[in-house]
Amino acid sequence: MASLASCSVVRQIGSLFEGSSVAGLSDRQLLDRFTAQRDSVAEAAFAALVVRHGPMVLGVCSELLVDRHHAEDAFQAVFLILAQKARSIRDPDLLGNWLYGVALRTSRCAKIRLARRCKNEEAGSMLHASSSI
């Protein structure tokens, strides 16, 4: 089911680029389209930003979070933050830089959370093992 949905999204994004509805637009123009309306134009603009900056964001997340699944979670979190804060970005022409910083901070926080959770799980398993002896 998930692969069917992702194929559909890829097809829709491809058709948007072929139809030139978002091709050649700057990051500022795409952000303006995304924030100005809530319809298929806004979705296409956001999808274009993900396609444009996604590889860089995923690269940053993968660099810091070795596990692919954790990197993908951080990647999604970065674009969720973009969707929430799109209106408040000071300089939309520097969106790539902004996304890089968000990806870096998001991945670092995830790495700290994962290490803390791992440490807590180890402590819990040691406590459980010592109480069963």
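Computed from the coordinates by the stated procedures, all read-outs in this text should not be read as laboratory data. All of these numbers come straight from a predicted model, not from anything done at the bench. No Cβ is skipped: glycine too gets one built from the backbone with ideal geometry, and neighbour counts run over all protein chains shown.
Just to check I understand the Karplus step: with θ = phi - 60° and J = 6.51 cos²θ - 1.76 cosθ + 1.60, what whole-Hz values come out for region 60-67, glycine and proline as x?
5, 5, 5, 5, 8, 10, 4, 5
Using the Karplus curve 6.51 cos²θ - 1.76 cosθ + 1.60 with θ = phi - 60°, work out ³J(HN,Hα) for each residue of region 41-53 in order, rounded to whole Hz, and write x for Gly and Pro.
5, 5, 4, 5, 5, 5, 4, 5, 5, 5, 5, 5, 9
Please give me, ordered by residue number, the trypsin sites (Lys or Arg not before Pro) of region 24-126 that lie in loop per DSSP and have at most 16 other Cβ atoms within 10 Å.
Arg38, Arg90
Once phi is turned into θ = phi - 60°, what whole-Hz ³J(HN,Hα) does the Karplus curve with 6.51, -1.76 and 1.60 give for every residue of region 78-92, x standing for Gly and Pro?
4, 6, 5, 4, 4, 4, 6, 10, 3, 6, 9, 6, 5, 10, x
Efficiency by 1/(1 + (r/R0)^6): what FRET value for His69 and Gln37, r their Cβ-Cβ distance, R0 = 35 Å, to the nearest 0.05?
About 0.55, to the nearest 0.05.
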